[in-house]
Amino acid sequence: MKKILNNPADYVDEMLEGMVAAHPGTYAQPVRRVIARAAGAKKGKVGIVTGGGSGHLPIFTGYVGTGLLDACAIGDVFASPSAEQMAEAIRLADGGAGVLRLYGNYGGDVMNFDMAGEMAEMEHDIRTTTVLLTDDVVSAPKEEAEKRRGVAGMVYAFKIAGAAAERGDDLDEVTRIAQITADACRSIGMALTPCTIPQAGKPTFEIGETEMEMGMGIHGEPGIWRDAIKPADEIAEEMLERLMADQPLAKGDRISILVNSLGATPAEELYILYRHARKKLDALGVEIVMPLVGRYATSMEMTGATITVIKLDEELESLLKAPAECAFWRV
Amino acid sequence: MKKILNNPADYVDEMLEGMVAAHPGTYAQPVRRVIARAAGAKKGKVGIVTGGGSGHLPIFTGYVGTGLLDACAIGDVFASPSAEQMAEAIRLADGGAGVLRLYGNYGGDVMNFDMAGEMAEMEHDIRTTTVLLTDDVVSAPKEEAEKRRGVAGMVYAFKIAGAAAERGDDLDEVTRIAQITADACRSIGMALTPCTIPQAGKPTFEIGETEMEMGMGIHGEPGIWRDAIKPADEIAEEMLERLMADQPLAKGDRISILVNSLGATPAEELYILYRHARKKLDALGVEIVMPLVGRYATSMEMTGATITVIKLDEELESLLKAPAECAFWRV
Amino acid sequence: MISSKTLSAALARIASHTEAASEELCSADGALGDGDLGITVSKGFAEAAATDLPEDIGMALLAIAKAFQRVSSSSYGTLLATGFMAAAKMEKGKTKIDPAGIPGLVAAARDAMMARGKGHLGDKTVLDSLDAVANALDHAPLEEMINVAIAAAAETAEQYRGKPNKLGRARMFGERSIGLLDPGQLAFLRIVEALRA
Amino acid sequence: MISSKTLSAALARIASHTEAASEELCSADGALGDGDLGITVSKGFAEAAATDLPEDIGMALLAIAKAFQRVSSSSYGTLLATGFMAAAKMEKGKTKIDPAGIPGLVAAARDAMMARGKGHLGDKTVLDSLDAVANALDHAPLEEMINVAIAAAAETAEQYRGKPNKLGRARMFGERSIGLLDPGQLAFLRIVEALRA
Ligand SMILES: Nc1ncnc2c1ncn2[C@@H]1O[C@H](COP(=O)(O)OP(=O)(O)O)[C@@H](O)[C@H]1O
Ligand SMILES: Nc1ncnc2c1ncn2[C@@H]1O[C@H](COP(=O)(O)OP(=O)(O)O)[C@@H](O)[C@H]1O
Ligand SMILES: [Mg+2]
Ligand SMILES: [Mg+2]
Ligand SMILES: [Mg+2]
Ligand SMILES: [Mg+2]
C-alpha cells in the first residue's frame, strides 16, 4: 500500500494527534476523536458542529476555527463517527445559545446525529437544530433533491453559517442562514483514479487508463457513471452544464465557485478547469465572487475534482467574505 | 494519461491564465510566463524575483504576493524559463532599489539567471544580487554543500527575505538575510510514486508496490537511493536524523519545520509524519515555531513528502512571523 | 427459553460466521455503496460477543446495542443497535426470552429501525428481511423457528434482487441495482444462518 | 567555405537526426537526470532550422543562439546558445566560414560554455566532447574533418563512460553514473553525426 502510515488501525488517531500538535492555537481534542476550538466554546455564541469520516481534510475537522465550526466528531476513514462522539461534540460546542448540527446527508451520519441530538438534549439540556447539505446534483433527481448527498458545498455552509454565528445571530437565525446556504449550493464531481482506505489496503475501485468516473462522491466509492477521459474544457463544460440545469444562472447573478481537488489533482489542473468555467460564466454575464480553487474537500489521494456553485444574495455574500481562520484557510 | 488538461502543449499557459483569473487582486501576467504582483512593483522597495519550472505550485509563482516575491519567471513543467523571461521578471520587480534573484540551485536556472542579470543590468541599469537555495542535504556531501540543489527551503527564503524587503531593508541587507536564511535551511525528500509531465505523457520513473525513493528532488526525477517502504515513524526518524547530522540541533534551539506534500500525499499523512517529528524534537528540547504542514512545494501529483528544518535566530523568527499574503498562504 | 448465556453463545457463532462472510459482504456493499458492510457487521458482532452480558436479558440486549454503537457507526451498525435497543426495552427485568415472544421482538426492532432510518417496507433494505422474518415466525413451531427465519431471509433477498434499491447509498445506483442482492439483506441472511449450528 | 545556406542545410539534417535520437537521449538523461535532453536538443535544432538565417554568418550564428534560447532553456540548450553566441562574435561581418577556422570556433564555444556553466574539463560533460573535437580538428585534412569530429565525439563518450559525472544533475548519482554514457556527450555525438550525410 503506497501510503505514509504506521499501523493502519492508528491512522486516524495519529493524524489527529499530529494535527493538534501542529496547530495548538487552533485545535484541541478534549475527547478522543472530537476536535474543538482550542479556546473552547464561546459563551453566548451559537455553536456549530459537524461530523463525518476521516480522510477528507480539510473537511471535516479542519474547519474548526474562528468564524467557522466549533467542534467536530471524527470517524474512521470514510466512516461515520459514533452517536456518542457526536453528542460530545455538541456538548463541547455549546456556549449556552444552542447548537446547529451542520453536515452532509448520509444515512449513517443522519441516524447517528439524530441520536446524538436526542442524547445532548436529554443529558445536557442543549437545544439543537439540523441543516443537511444535499448539494450533489447527480445523486438524486431534482424532484427528490432532499435525498441528495452532501459534498464540497459544506465548505460554503461552514463559512457562511460560521460567520452568522460569530457575529452573534441566535440559533434560529443561524439555522435559517445555514439552510439558505445549503439550498443555494450545487456540486458535481469527477475522478480519474481511486484512493486507498488505510485499513482496506487496496484501491476502492478499478478504472482503465482512458476512463473517468463522473458523479463522484467523497467516500472513495465509484462515480454514478463512467465516461472516456475528455479534455479539461469539456469536463468543466459538462460539469457546469449539469449544475446550471439544476440551478439556472443568468446575467447579473452573483455566485461563488469552488474548484476543488479530491486530493492528488494538482492546483495547476484546477486552474485549467477554472479557466474554462470563468470564460463560460463571463460569457453569461454571471459575476464570480471570491472564487475558491484548491484542496477544500478531499478523498485521500484520489485524482479528480469537484465543482461547487453557490448563488449568493447580499447577506450570503457578506457572510462569505467575513473574516475566518482555521489551519487550512484564512479569509 | 490520467490528468485533467487540454492540449499538453497549452498546460502551462492555461494554468497561468486560470490562476490570474482566479486571483486578479494578487497576480498579473504582464509578459507571457512572467507573473508579477497585481499592484506592480513597489517604489523604493527592493524587488525579489524567482524563477523555475511549472508543476510545483505553490512554488514558484504562487508565492508572488505581499511580504513575499515581486515577480517570477515560469518555464514549462519542470523546465527552466528562458533568460529573457527572467530578465523581464527582474524588470517588473524593480522598484528602483535593486533586485534579489532568489532561487534554487539548478545548473540550467543558474546559467539563465546569470544571463538575465547581465541583460537587466545592461538594458535597464538594475542592480541585482543572487542567493541560491542549496537545502537538499542528500544531493551533495557537506564539504560540497554549495553544489546541493534547492528544494522546499525556498518557502522559508521567500517568506523571510520577502518580509525584510517589505519592511524596507536595502538590497544588501535583504541579500544578507536571504543568504542567512538559505544557509539555515536543510531539506530531504522521499516519494512513493512518480508523476507525469504533461508533454511526456508517461510517469517519470517506475517503482514497485513496496519500494520508496529516498533523497527525492522536486523535478520528478528518481530519488538518490531506493528503499523498502517503512512505517511513517521510521521514515520521519530517518529524515530528521539526516537533517540533524548535517545541522545539529540541541536543547534550546528554535526552529521552524515544514512537512510538505509532493502533491498526492494527503494532509492526514503529513500530520502522521509531523507527529513523530514533534515527539523527537520535543524530547531533544528543541522549540518549534510556526510549523508548516501542507502542500508548499510540489511535483505535480507525486506521492511523497519532504521535511525542511530551518534554525532560527531572533531576526529570522520575527521575519518569518511577519504578515504575508498570496493566494496559497496567509501569515 | 433463551438466557444471557444462550445469547452469548449465539453472538459468538454469528461473529465467526459473519467474519467468514466479511469479504462477501464488503464486495456486495462495494458494488452498491462504500464497501464497508462486512467490516461493520463482523466488527459489531465480535465486540458484542466479547462483551460480558448481564443476567437481566433486557440489560444484556442493551449491552449488545451499545457494543454496536461503539464500534460500527455505519448505517447498518446503527440500525442493528437501534433494533437491539428496542428489544431491550421490551425484555427489561426478565432473565429469559420466551420464544413465543420472538416474532414480537423482531417486529419491534423493525419498527424502531424504520423510525430511526426513515425507511419504508419495499425500499429493498434489511427492513424487508426483518418484516418477512417477523411474519414467518408468527406461526412457526418452536423447533422450526431458525429454519423458518433462514428461509424467510433467503427468500426476501432473492425476491428483492430483481428490484431497485430505494434507500441509502445503493439508491443512487437506481436501475443498475436491479439484479444485485441488497447487501443489508444478504448480511441479515448470514446472521440468521449462524443461529443454526 | 560554409555559407548561411550551408548552415541552414546542416541545421535541417541535425534537426531530423536528433529528432530520431530524441527518445534515446531522453532515456539517457532519464537515467541520470530529468529526462528532457532529447526534447531540448531536437526542439532547439528544429527551431534553429526553421529560422531564416541572414547572410552575415555572424548574425546567422546569433540567430541560431537566439533560437535555442527561445525554446530550450534546460542546461544543454543554454550551453549550446552560449557556444553559438561565442562563435557568432568571431564571425561577425563575414559571409563565409573558412574551414581552417573551425577548430578555433569550437574552442571558443568550449571556453564560453565553461565560463557560463562554471564547469571544468574532465567533469564528464559536453565540454569534454568539444575539447576533443577542437583538438582533433586542429590538424585534420579538410575532407576528413567531419569523420574526425565524429570519431573524437564517439571516443570521448566511450572514454568517459567508465568515469563518474562531476557536474549537473548527473553529479548526484555519483558512483552510479559510472558505466553510463553522459547524455550531453551522447547528444553531441548525434549532432556531429548528422553533419555527415
Ligand atoms: N435508512 C435505512 N433504513 C433501513 N435500512 C437501511 C437504511 N440505510 C441502509 N440500510 C441497509 O443497510 C445496508 C447498508 O449498510 P452500510 O454498509 O452500513 O451502509 P453505509 O456504509 O452506507 O452507511 C443496506 O444494504 C440496507 O439494507
Ligand atoms: N554546468 C555545465 N557545464 C557544461 N555542461 C553541462 C553542465 N551541466 C550539464 N551539462 C551537460 O548537459 C547535459 C544535460 O543537459 P540537460 O538535460 O539540458 O540538463 P538539465 O535538464 O539538468 O538542465 C549533461 O549530460 C552534460 O553533458
Ligand atoms: Mg456501506
Ligand atoms: Mg459506510
Ligand atoms: Mg535534463
Ligand atoms: Mg531539464
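The values are calculated or read from the model by the stated rules, or taken from the named source; none is laboratory data. Model, not experiment: these values are computed from the prediction. Please note: Cβ atoms are built from the backbone with ideal geometry, for glycine as well, and neighbour counts cover all protein chains shown.
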- Query: Which of the residues belonging to the range C:87-146 are surrounded by fewer than 13 Cβ atoms within 10 Å (Cβ to Cβ) and among the β-branched types (V, I, T)?
  - Reply: none
- Message: Take the residues in the range A:46-59 that are more than 16 Å from ligand 1 (Cβ to nearest atom) and within 14 Å of chain B (Cβ to nearest Cβ); name whichever of them is nearest to the chain's Cα centre (by Cα).
- Response: A:I59
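Listed here are the residues, each with its yes/no results for (1) at pLDDT 95 or above; (2) closer than 19 Å to C:L137 by Cβ; (3) acidic (D, E).
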position	(1), (2), (3)
C:G83	yes, yes, no
C:E91	no, yes, yes
C:D98	no, yes, yes
C:L105	yes, yes, no
C:A109	yes, yes, no
C:M114	yes, yes, no
C:H120	yes, no, no
C:K124	yes, no, no
- Task: Looking only at the range C:37-48, decide whether some residue is assigned to a helix (DSSP H, G or I) and of a type in the set (S, T, N, Q).
- Result: yes
- Message: So, in the range B:106-146, exactly how many residues are loosely packed, with under 15 Cβ neighbours inside 10 Å and either within 16 Å of ligand 5 (Cβ to nearest atom) or within 13 Å of chain D (Cβ to nearest Cβ) (or both)?
- Response: 4
- Tabulated pairs, the range D:167-181, first within 14 Å of ligand 2 (Cβ to nearest atom), second among the β-branched types (V, I, T) and not in a helix (DSSP H, G or I), C-beta under 9 angstrom, 6+ apart or interchain: D:L167/D:T125; D:G168/D:T125; D:A170/D:T125; D:M172/B:I224; D:F173/B:I224
- Unique residue being more than 16 Å from ligand 4 (Cβ to nearest atom), among the aliphatic types (A, V, I, L, M) and buried (at least 21 other Cβ atoms within 10 Å of the Cβ) when the list is C:L61, C:L80: C:L61
- Hey, can you tell me all the residues within the range D:171-187 that are crowded, with 16+ Cβ neighbours inside 10 Å and either within 16 Å of ligand 4 (Cβ to nearest atom) or in a helix (DSSP H, G or I) (or both)? D:R171, D:M172, D:F173, D:S177, D:P183, D:G184, D:Q185, D:L186, D:A187
- Note on the structure: Scanning the range C:36-72 residue by residue, those at the interface with chain A (Cβ under 8 Å from one of its Cβ atoms) and under 16 Å from C:V126 (Cα atoms) turn out to be C:D36
- Please enumerate the residues belonging to the range D:29-40 that are in contact (Cβ under 8 Å) with a residue 12 or more places away in the chain and more than 8 Å from ligand 2 (Cβ to nearest atom). D:A31, D:G38, D:I39
- Task: Pull up the range A:250-267, narrow it to residues that are over 27 Å from B:G55 (Cβ atoms) and not basic (K, R), then point me to the one that is nearest to the other protein chains (Cβ to nearest Cβ).
- Result: A:S256
- Message: So B:G223 passes all but one of these: (1) surrounded by fewer than 16 Cβ atoms within 10 Å (Cβ to Cβ); (2) modelled with pLDDT under 95. Which condition number does it fail?
- Response: (1)
- Any residue at all in the range D:127-135 that is within 14 Å of chain B (Cβ to nearest Cβ), of a type outside the set (S, T, Y) and either away from ligand 1 (no atom under 16 Å from the Cβ) or within 17 Å of the chain's Cα centre (by Cα) (or both)? yes
- In the range B:75-97, how many residues are away from chain D (no Cβ under 11 Å) and either touching a residue at least 40 places away in the same chain (Cβ under 8 Å) or within 13 Å of ligand 2 (Cβ to nearest atom) (or both)? 9
- Message: Restricting to the range B:1-44, give me the number of residues that are in contact with a helix residue (DSSP H, G or I) (Cβ under 6 Å, 6 or more places away or on another chain), in contact (Cβ under 8 Å) with a residue 60 or more places away in the chain and in a loop (DSSP other than H, G, I, E, B).
- Response: 1
- Being assigned to a helix (DSSP H, G or I) and either more than 15 Å from the chain's Cα centre (by Cα) or within 16 Å of ligand 3 (Cβ to nearest atom) (or both) is the filter here, so list the residues in the range C:50-61 that pass it. C:I57, C:G58, C:M59, C:A60
- Condition check for C:S42: within 29 Å of C:I97 (Cα to Cα) and polar (S, T, N, Q): yes
- within 27 Å of A:G52 (Cα to Cα) and β-branched (V, I, T): does that describe A:I272? no
- Query: Got at least one residue in the range C:151-170 being in a helix (DSSP H, G or I), within 16 Å of ligand 3 (Cβ to nearest atom) and either under 26 Å from A:K147 (Cα atoms) or not acidic (D, E) (or both)?
  - Reply: yes
- Message: Please count how many residues of the range B:295-308 are within 13 Å of the chain's Cα centre (by Cα) and more than 8 Å from chain A (Cβ to nearest Cβ).
- Response: 6
- Message: What are the pairs with Cβ atoms under 8 angstrom where one residue, in the range A:98-122, is in the same structural domain as A:M154 (by TED's automatic domain parsing) and the other, located anywhere, is of a type in the set (V, I, T) and within 16 Å of ligand 3 (Cβ to nearest atom)? Sequence gap at least six, or different chains.
- Response: A:G108/C:T78; A:M111/C:T78; A:N112/C:T78; A:M115/C:T78
- Could you tell me whether any residue of the range B:271-294 is buried (at least 24 other Cβ atoms within 10 Å of the Cβ), at the interface with chain A (Cβ under 9 Å from one of its Cβ atoms), under 22 Å from the mean Cα position of the chain (by Cα) and in a loop (DSSP other than H, G, I, E, B)? no
- Some residue of the range C:110-127 being within 16 Å of ligand 3 (Cβ to nearest atom), among the polar types (S, T, N, Q), part of a helix (DSSP H, G or I) and touching a helix residue (DSSP H, G or I) at 6+ places or on another chain (Cβ under 6 Å): no
- Task: Find the residue count for the range C:6-35, including only residues that are within 15 Å of C:E193 (Cα to Cα), polar (S, T, N, Q) and either surrounded by fewer than 18 Cβ atoms within 10 Å (Cβ to Cβ) or within 14 Å of another protein chain (Cβ to nearest Cβ) (or both).
- Result: 2
- Are any residues in the range A:115-156 polar (S, T, N, Q) and at pLDDT below 95, and if so, which ones? A:S139
